[in-house]
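Structure, as structure tokens:
The values are calculated or read from the model by the stated rules, or taken from the named source; none is laboratory data. Please read all numbers here as calculations on a predicted model, not as lab measurements. In this analysis, Cβ positions are derived from the backbone assuming ideal geometry, glycine residues included, and neighbour counts consider all displayed protein chains. Side chains are part of the model used for accessible areas, which takes the heavy atoms of the whole protein and leaves out ligands, DNA and RNA. Shrake-Rupley method; radii C 1.70, N 1.55, O 1.52, S 1.80 Å.
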Amino acid sequence: MKTKKRGIYEKYVKRFFDVVFACVFLFLLSPVFLITAIAVRICLGSPVIFRQARGGFEGKEFLILKFRTMTDKRGESGELLPDTERITPFGNFLRRTSIDELPQLVNILRGDMSFVGPRPQLAEFLPHYTEAEKVRHSVRPGLTGLAQIKGRNSLPWKKRFEYDIEYAKKVSLFLDAKIIFLTLFAFARKGADGDTESFYDR
């Protein structure tokens, strides 16, 4: 992947804002974190935090953090049941409200993520991106992004990646502010559910 020339905002200001606001929100939302952690422990068990390898900035892997939303129910032979059978009403609530994503504030503080950027996909996808799609890794992945305000998971993969690439090429303070503002209205729209199309079928 070719190194992209980054402007002052993208190189310095954006990261400064990420650190400051991640600290502020971690402090303000600490009661929500505590209550959610207790509820997850009681309703879904341990561990409270779910960790998963995702593809990040410059194609490097990192562990994304989320509140757990599924049980460990297994079939008669000991295999984990399908996701649809392990998700609970409480887990669905966490996903619908995006509360399960709150631990990613720690990812932002660490530098794994930003508030705005392409959503990080599974690390196993990394070898399968086209050269054009790899541009999405020239910026840090985000809590929200251009694809999220355009339809979230209801969009086909190809369209999502087009929005990711568009964002990576046009990063600016104005665009980030616009995406964050519109996210407040978009997160509850249809499209918060799981993908309807396989990554490999895109």
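Values as computed for the structure displayed
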{"item": "Qualifying positions in segment 41-55 - surrounded by 13 or more Cβ atoms within 10 Å (Cβ to Cβ), assigned to a helix (DSSP H, G or I) and free of Cβ contacts under 8 Å to residues at least 40 places away in the same chain", "result": "Arg41"}
{"item": "Residue check for Leu65: of a type in the set (A, V, I, L, M), open to solvent by 30 Å² or more (accessible area, probe 1.4 Å) and modelled with pLDDT of 95 or more", "result": "no"}
{"item": "Tally, over segment 129-179, of residues that are in a helix (DSSP H, G or I) and touching a strand residue (DSSP E or B) at 6+ places or on another chain (Cβ under 7 Å)", "result": "3"}
{"item": "Those residues of segment 82-94 which are part of a loop (DSSP other than H, G, I, E, B) and either surrounded by 14 or more Cβ atoms within 10 Å (Cβ to Cβ) or touching a helix residue (DSSP H, G or I) at 6+ places or on another chain (Cβ under 6 Å) (or both), in sequence order", "result": "Thr88"}
{"item": "Enumeration of residues in segment 19-45 that are under 20 Å from the mean Cα position of the chain (by Cα) and more than 28 Å from Thr71 (Cβ to Cβ)", "result": "Val19, Val20, Phe21, Ala22, Cys23, Val24, Phe25"}
{"item": "Answer from Asp100, Asp72 - the residue that is touching a residue at least 24 places away in the same chain (Cβ under 8 Å), surrounded by 15 or more Cβ atoms within 10 Å (Cβ to Cβ) and not hydrophobic (A, V, I, L, M, F, W, C)", "result": "Asp100"}
{"item": "Residues that are touching a residue at least 40 places away in the same chain (Cβ under 8 Å), open to solvent by less than 70 Å² (accessible area, probe 1.4 Å) and in a helix (DSSP H, G or I), drawn from segment 18-39", "result": "Asp18, Val19, Ala22, Cys23, Leu26, Val32, Phe33, Thr36, Ala39"}
